[in-house]
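To keep things clear, I will list the structure first and then write my remarks on it.
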Amino acid sequence: MADTGNEIIFEQSGSYVGRTLSRPGARRSVMGRGRYTDDIQVARTLHAAFLRSPYAHARILNIDTTAAAAMPGVTRIVTGRELAEHVEPWHGILSSFVGMKSAIQHAMAVDRACWQGEPVAIVVAETRALAEDAVELIEVQWEELTPVVDKETALDAGSPVIHPEMGDNLALRQDIDNGDVDAAFAAADHIIEDSFEFGRHTAVSLESRILVADFDPSTERLTIHTSSQVPHMIKTVFAKLLRMPEHNVRIIAPDVGGSFGLKIHTFGDEVATAALSMILKRPVKFIADRLESFVSDIHAREHRVRGRLALNKDGDILAADIDDLTGVGPYSAYPRTSVFEAVQVINITGGPYKHKNYRAKATVVYLNKVPMSQYRAVGHPIGITVFESLLDQAAVVTGLDPVDIRRRNFMPDDGYPAVTPAGLPANDLSHEACLESLIKRMDYDGLRREQAELREKGIYRGIGLAAFIKGTAPSPVGYYGAGRAPIAAQDATTVSLEPSGAVLCLVGVTEQGQGADTVMAQIAATAIGVPIENVRVISGDTDAVPYGGGTYASRATGIGGEATFQAGRALRAEILRIAGVLLQSEPSTLEVFGGNVVDAANHANIRVTLAEIGRIGHFQLGELPNDVQPELSQTRHFRVKDVPYIYTNGIHGAYVELDPETGFLKLLKHWIVEDCGRVINPNLADEQVRGGAVQGLGGALFEHCIYDDNGQMINATMADYLTPMAGDMPDIDVAHIQTPTSASELGAKGVGESGVGGAPAAVLNAVNDAMMPFQRHITAQPITPQSILKALGKI
Amino acid sequence: MKAPRFLYVRVASLVEALEVLAEYGDEASVLAGGQSLMPTLNMRLSSPKVLVDINRIDDLKGISLDGNMVRVGALSRHADVMTSPIVVEHLPLIAQAYPFVAHAAVRNRGTFGGSVALADPASEMPACVLALNATLVLDSKAGGRRNVAASDYFKGLYETERRDDELLIEARIPIKAAGEVSAFGELSRRHGDFALAGVAMHGTVANGVITGLRPVYFGSEDRPVLGVATAAAVEGKGATEETFAAVNVALGNDLDPLSNFHADAATRLQLARVLTKRALTSMVNGGGVV
């Protein structure tokens, strides 16, 4: 942030950066004027429903659609085998994951279904209800095959192999081995060792996956209205899979009701729906209902991690060694793969600490379960939980307080740039400042006193901490770029001065309900110098906005925000150039402020309004000399350079009460202090963190895709898959340390995933702290009353 | 999640409802509040030929005091029963249980009779009518009205004494007599979820001694279970550690909880024991929610 002068821009009176402004989108939603994909009515739309495999692994011997096709109102039924003639299959591997294997995946099962829920046939009918009726009449002759459901045995010699052509069920093995881990363990005074289990869960976005695919045979254009985080990526993907020229595909993502990483993947049912629109030359709509969402949306987080920590007697971490095993679905997701989660686990485990000896192994195996892939804070909750739990155990054996052992081992705030134990470049982090802020906000010592007093009365409370690093704003150096995935690592914004003096702002990043559009408006208004009411942000239409990566990996503000800032500054410079000509003044003596060109010296004298600049720039160009051509649209691109991510950091604190007779927990309070660099909109940043924390707590305590031995998900309803409810959540206190990133002028890092990553670890540590008097502890998530009672020996 | 095709009959009177039920029998489903029926239809877990919508039968609505009995019309909405001054004064167990019944939106639409008629084993109202020794009134075209004791009503998982041509029209619930006390406890993963364990109990307390206890357990087996051995273990005793030890043994005889993915049998039995201990302690202190 050196010498750019931006601090002045952000702090001057006309700045919207760092201010809480209400979201225009929130007002629309509250007034019932939201426009989600399901609200879009396209004339002559047909409705799709899918026959899905009832088995985790079965051969399709025959499909008889005669009775279903004869039903009134049914337009077309297409099986997976028939569809394969119209749709390219895909291969979910990236060359950046060396040695990775996956099978070729078709949009629908061709001769074999590999998970319960895999689409097998699509029915298109006049209504969804008719389509569902017809699905029930399709007769499939199945031959059940033995499913692979246990990741622990999936690589055993006797295990069935899901895809025989691959030889085994291995997707990827990846290792990190830095320093001399064996020597450090040999020299250690204490070795902590434990094993951790993490249950599968899934995103459960409020708005489920949906698309209306509308192929127009007169122009051969395919327009897809869909709830997506990555309109440009799926434009490229749909074009490739449907053998369309890319410029003939248009993706429109209107309001999006949550995405959380779910809506960045290729789903066979969506591709099949688009294909049917092309076959039938009519709009076709598919919306995943809640039941099929559970068995077709991406799952995540099924891991078993063994971890070891070596320490000296003073509590210094000497080395860490972890072994992660994860079982993904039968195919690797396209185009981002299903191995990235495990790779992130080993990348970020122990990331806040300064030990140099680190060994990690990730093993990814295929299972006959729903495909797993990226979900909010990919891999982070797992790596953070493993390390922070081991560290709390280390605190016990070394006699240190959990605060002190972290203080002792953190990377120092004045020690950057640095590299993490996994060898990743880290810069502009603030572990020490976040910890000190957290313990002050928690009144940590007061809580410890209260805990001790209440234990005398038979009340068991626990305090848990969890520090983290989080990769945000990925660069082209990262896995996707290096692996040649069709995923934009840059983003761009176009800002245009309209004749009225208002600004149109076209952004490549997308709005998911999180407030990205508002943040972009704040940045653009500040960079240009106009009232925010005069800025209109457009996102989510590939025919309108610059090609960009969309919103994932906490990249909207960090990457799209910088592009918007740079575009805004460029437009401001152009406005001043034109104003200088009109006013016969040096542009450097002028400034854009409050929607007017004013004297830079005092920001007071209005020299010319932007409406006047707009009028002359668009209509009365005769008032300008011939050699002055106004360029009142400015586009700027931005990518993060050199490092794979802009890392952020933070720390969570949890305070819980345990009922040792019932195993029930009460979440009393939760605190988070994180460093997302420059905060653009404090309220939106807080709510990103808070909402993420709720999702993290959900994973720690409730959410679980439970499978039986046959590979059937047995709790695939909203009654049995438990999501966190507001009434069960604690008050969540959020604060920010702001260390602007040196990777951009804006200085903003990502904030969308900081709440998710640390919350499960903090609550697990708090539960184990509460159980300390019983000398028992747990390592499996979700934490349930039953698992606590078992640990306590009550059952 | 679209319901399969069904015929829909909206009846205006009880007579009409009984006629339709007489005609269709087990091919008919009665639509009251629809809080359980509609999801099962949309999930295609049930496919009745005809839905009999009884929502316009005003005779089946209302709560009244009739001597030492409270009459709760089967079509009374949960929210109305919950806030009824008659219920609050005379049926404290039901008032205690109601905050645990799902969520406000469900209680606004769902009905008391629908809950009893469905007999979900994790539901609160079936347990309460059994604990309170209520009488359930059934009516049919063929057989006319008959009274069934709650203890004879619940037969198994979603199975009751009600014949397919019968309609549950009313519950008659004895009011709390002098010296009688109620306590209620439920443990579920999240508020409003199906109970992992629950107890509704009612009995007489004098000088810290409990007699005539009717402890009913829900969320345990395929139907609400009256803890006969537990009641015997408590009879004439106070809420002491000695009683609790006896209760722990008795509950092992009374209950044989079903396991599922939310909790296994051992967990459910442990939770039932803890709830019973806490409920008994509450009973001798005037009762309430534990």
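See the values below:
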{"quantity": "Residues with amide H under 5 Å from that of residue A:282, placed H, sequence gap 5 or more", "calculated": "A:215"}
{"quantity": "Shielded residues, the stretch B:169-216 - accessible-area loss of 30 Å² or more between chain alone and all protein chains, probe 1.4 Å", "calculated": "B:187, B:189, B:190, B:194"}
{"quantity": "Gyration tensor (alpha-carbon) shape descriptor, chain B, a/c threshold 1.5", "calculated": "prolate"}
{"quantity": "Length-normalised contact order for chain A - Cα pairs under 8 Å, 6+ apart - percent", "calculated": "16 percent"}
{"quantity": "Inter-chain Cβ neighbour average for residues B:262-274, partner chain, 10 Å", "calculated": "5"}
{"quantity": "Mean separation of Cα contacts under 8 Å (6+ apart) over length of the stretch A:490-638, as relative contact order %", "calculated": "33 percent"}
{"quantity": "Accessible solvent surface per residue of chain B, calculated while the other protein chains remain in place, 1.4 angstrom probe, Å²", "calculated": "40 Å²"}
{"quantity": "Interface residues in the stretch A:650-681 - accessible area drops by 10 Å² or more relative to the isolated chain, probe 1.4 Å", "calculated": "A:659, A:661, A:662, A:664"}
{"quantity": "Burial ranking of peptide ranges B:212-218, A:426-432, A:768-774 (average Cβ count within 10 Å, highest at the top)", "calculated": "B:212-218, A:426-432, A:768-774"}
{"quantity": "Interface residues in the stretch B:1-20 - accessible area drops by 10 Å² or more relative to the isolated chain, probe 1.4 Å", "calculated": "B:1, B:2, B:5"}
{"quantity": "Hz values of 3J(HN,Hα) by residue in the stretch A:234-243 - Karplus curve (6.51, -1.76, 1.60), Gly and Pro given as x", "calculated": "6, 4, 5, 5, 4, 4, 5, 6, 9, 6"}
{"quantity": "Residue-wise HN-Hα coupling along the stretch A:188-205, computed from phi with Karplus coefficients 6.51, -1.76, 1.60 (Hz; x: Gly, Pro)", "calculated": "6, 7, 10, 10, 9, 9, 7, 10, 10, 10, 10, x, 5, 9, 9, 6, 6, 5"}
{"quantity": "Rounded percent of accessible protein surface that carbon and sulfur make up, the stretch A:741-795, 1.4 Å probe", "calculated": "49 percent"}
{"quantity": "Under the Karplus curve 6.51 cos²θ - 1.76 cosθ + 1.60, θ = phi - 60°, whole-Hz ³J(HN,Hα) for the stretch B:59-65, x wherever Gly or Pro sits", "calculated": "4, 8, 9, x, 10, 9, 9"}
{"quantity": "Using a Förster distance of 41 Å, the FRET efficiency for residue A:719-residue A:633 (Cβ separation, nearest 0.05)", "calculated": "0.20"}
{"quantity": "Inter-label distance, nm, simple model (7 Å from Cα along the C-beta direction), residue B:7/residue B:55", "calculated": "2.1 nm"}
{"quantity": "Full-extension gain in nm, residue A:453 to residue A:246, via 0.36 nm per residue minus C-alpha separation", "calculated": "67.8 nm"}
{"quantity": "The stretch A:490-638 - Kirkwood radius from inverse mean 1/r over Cα pairs (Å)", "calculated": "15.3 Å"}
{"quantity": "Long-range HN-HN contacts of residue A:548 with modeled amide H, under 5 Å", "calculated": "A:232"}
{"quantity": "Heavy-atom accessible area per residue - the stretch A:716-767, 1.4 Å, Å²", "calculated": "25 Å²"}
{"quantity": "Of all DSSP beta bridges in chain A, antiparallel share, percent nearest 5", "calculated": "80 percent"}
{"quantity": "Interface size A-B, as summed buried accessible area [1.4 Å probe, Å², nearest 100]", "calculated": "2600 Å²"}
{"quantity": "Global geometry of chain A, whether rounded, prolate or oblate, following the gyration tensor of its Cα atoms and the 1.5 cut on a/c", "calculated": "oblate"}
{"quantity": "Pairwise centroid distance, computed over Cα atoms, of the stretch A:718-743 with the stretch B:104-131, Å", "calculated": "34 Å"}
{"quantity": "FRET E, pair residue A:726, residue A:401, Förster distance 41 Å, beta-carbon r, rounded to 0.05", "calculated": "0.80"}
{"quantity": "FRET efficiency, 1/(1 + (r/R0)^6) with R0 51 Å, evaluated for residue A:26 and residue B:261 via beta carbons", "calculated": "0.85"}
{"quantity": "Zone of residue A:144's modelled label, taken as backbone nitrogen in the stretch A:56-96 under 18 Å from a point 7 Å along Cα→Cβ", "calculated": "A:56-62"}
{"quantity": "Percentage relative contact order, the stretch A:619-775, counting C-alpha pairs under 8 Å, at least six apart", "calculated": "33 percent"}
{"quantity": "In degrees, nearest ten, helix B:14-24 long axis to first principal axis of chain B (Cα)", "calculated": "80 degrees"}
{"quantity": "Members of A:263/A:285; A:101/A:361; A:151/A:369; A:285/B:49 lying beyond 21 Å, as alpha-carbon distances in this model show", "calculated": "A:285/B:49"}
{"quantity": "Difference of contour (0.36 nm per residue) and Cα-Cα distance, residue A:792 to residue A:111", "calculated": "240.3 nm"}
{"quantity": "Solvent-accessible area, 1.4 Å probe, carbon plus sulfur percent, for the stretch A:1-112", "calculated": "50 percent"}
{"quantity": "Within straight-line cross-link reach of residue A:669, lysines at Cα separation under 20 Å, skipping those fewer than 8 residues along the same chain", "calculated": "A:440"}
{"quantity": "Accessible-area composition of the stretch A:490-638, carbon plus sulfur, in percent [1.4 Å probe]", "calculated": "49 percent"}
{"quantity": "Surface accessible to a 1.4 Å probe, per residue, for the residues of the stretch A:490-638, Å²", "calculated": "35 Å²"}
{"quantity": "Amide H contacts of residue A:590 (H built 1.01 Å from N, under 5 Å, at least 5 apart or other chain)", "calculated": "A:600"}
{"quantity": "Residue A:98 versus residue B:83: modelled label distance in nm, points set 7 Å from Cα along the beta carbon direction", "calculated": "6.9 nm"}
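The values are calculated or read from the model by the stated rules, or taken from the named source; none is laboratory data. Computed from a predicted structure; not experimentally measured. Here the Cβ is made from the backbone with ideal geometry for all residues, glycine too, and neighbour counts use every protein chain on show. Surface accessibility is based on the protein's heavy atoms, side chains included, excluding ligands, DNA and RNA. Shrake-Rupley method; radii C 1.70, N 1.55, O 1.52, S 1.80 Å.
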